[in-house]
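J.: Mind having a look at this structure? Questions to follow.
Bear in mind that the values in this text are calculations on the coordinates, not laboratory data. These numbers come from a predicted model, not from an experiment. As a convention, Cβ positions derive from the backbone with ideal geometry for all residues, glycine included, and neighbour counts pool all protein chains shown.
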Amino acid sequence: MKLKLFIFSVLLAGFLAAENPAALISTKDLLSLKVWSVEGGAKVEIDEKEKTIKLLIPAEAKNAPVILEVKKITKEPWWGYNTLKMDLNNSTKSKVTLRFRLVRRALDDLLLQAEHPRYDKDVVLEPGNNSLEIDVTEAGNNPSREIMVEQLKLIFSNGEKAAQSFVLSKFLLEQTEE
């Protein structure tokens, strides 16, 4: 009986801890300041209770990148995953352009340079909640080899010259059906 109770407890704990077992990277992986770095006076605030990441861009910062250090999560190979899903709340009253830059391992970048000089996607964030699905299949040109992603740079264009804040509440890199 004790063995059955122990097995049930282990299975239940595993089930409750798994946010999305099909996802390579999830919001849970981002709830540490160790995986974030910023430039240009930007700030990152983590709310572990609400499971959100607040990105603060000061008024004087023009295109200040907020950087997610994927290599610190130690889940670098992106081969086999095709969609990055993000929920971002734009607290400003105007549209904001988000440049999503995927920084590959230097060796991968060298090998892919001719076909894919850089992986940049521009997305327009409307005021309020935004649910994004970004196709990341172009990260590599050969599906048989792993692409090692070291960083994601989120660059918010600050055209209004006003302070901006964004709340990231969902982040999943997963394989979705096409």
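J.: Determine the gain in length on full extension of the stretch E177-K71; use 0.36 nm per residue of separation and subtract their C-alpha separation, reporting nm with one decimal.
T.: 35.5 nm
J.: How much length would be gained if the chain were fully extended between K51 and I134, taking 0.36 nm per residue of separation minus their Cα-Cα distance, in nm to one decimal?
T.: Computed gain between K51 and I134 is 27.8 nm.
J.: Arrange the following residues from fewest to most other Cβ atoms within 10 Å of their Cβ: T52, T176.
T.: T176, T52
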